[in-house]
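Trainee: One structure is given below, represented as structure tokens, and several questions about it will come after.
Only the coordinates and a few stated rules stand behind these numbers; no lab work does. A quick note: this is a predicted structure, and the numbers were derived from the prediction, not measured. No Cβ is skipped: glycine too gets one built from the backbone with ideal geometry, and neighbour counts run over all protein chains shown.
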Amino acid sequence: LKCLPRPKRENLAIFEEDIPVPDWGIKESIFWGYMIDTTDLYRKCFEFDWNQCKIPKIIKDPIEQDEVKRYLESIYKPIRETYKYYAGFSPCGHVPCIGQ
């Protein structure tokens, strides 16, 4: 059995400063086509969800409807993030959703 000593560390490119760092951005990643969440996107999503919900049928008073709408809009981001989290547990085919 014959052993050779390891080469000295300074001869290897294992130090962080020796490794070249490539330019990277979101356009070079797998998420290049992902729509970034913005305030405008949240607003549009909320309006879409509000138009799909049955709250206006349950709450008949327009003033109370506006109060509920403003409140739900103020907490829409955590509601949406919670939905996305739980929808990932039980997708229906390839569509993340919360079903029965």
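Trainee: Pairs, please: C-beta under 9 Å, at least 6 apart or cross-chain, first residue among the charged types (D, E, K, R) and in the stretch 72-100, second assigned to a loop (DSSP other than H, G, I, E, B)?
Mentor: LYS77/ASP37; ARG80/ASP37; LYS84/PRO96
Trainee: Take the residues of the stretch 16-49 that are closer than 22 Å to ARG80 by Cβ and of a type in the set (Phe, Trp, Tyr): which is surrounded by the most Cβ atoms within 10 Å (Cβ to Cβ)?
Mentor: Restricting attention to the stretch 16-49, the residues satisfying the condition of being closer than 22 Å to ARG80 by Cβ are 26, 31, 33-49.
Next cut, of a type in the set (Phe, Trp, Tyr) only: 31, 34, 42, 46, 48.
On the way: PHE31: 10, TYR34: 9, TYR42: 14, PHE46: 18, PHE48: 10.
Per the stated criteria, the residue is PHE46.
Trainee: Going residue by residue through the stretch 86-97, is there one that turns out to be assigned to a helix (DSSP H, G or I) and surrounded by 10 or more Cβ atoms within 10 Å (Cβ to Cβ)? First the steps, then the outcome.
Mentor: Step one: filter the stretch 86-97 for residues assigned to a helix (DSSP H, G or I), giving 86-87.
Imposing the further condition that a residue be surrounded by 10 or more Cβ atoms within 10 Å (Cβ to Cβ) reduces the set to 86-87.
Within the stretch 86-97 (the criterion being assigned to a helix (DSSP H, G or I) and surrounded by 10 or more Cβ atoms within 10 Å (Cβ to Cβ)), the answer is yes, since at least one residue qualifies.
Trainee: I'd like the residue in the stretch 68-78 that is surrounded by 13 or more Cβ atoms within 10 Å (Cβ to Cβ) and aliphatic (A, V, I, L, M) and, out of all such residues, is farthest from ILE36 (Cα to Cα). Walk me through it before giving the result.
Mentor: Residues of the stretch 68-78 that are surrounded by 13 or more Cβ atoms within 10 Å (Cβ to Cβ), as a first pass: 68-69, 72-73, 76-77.
Right, trim to aliphatic (A, V, I, L, M) and you get 68, 72.
Numbers: VAL68: 27, LEU72: 22 Å.
The selected residue is VAL68.
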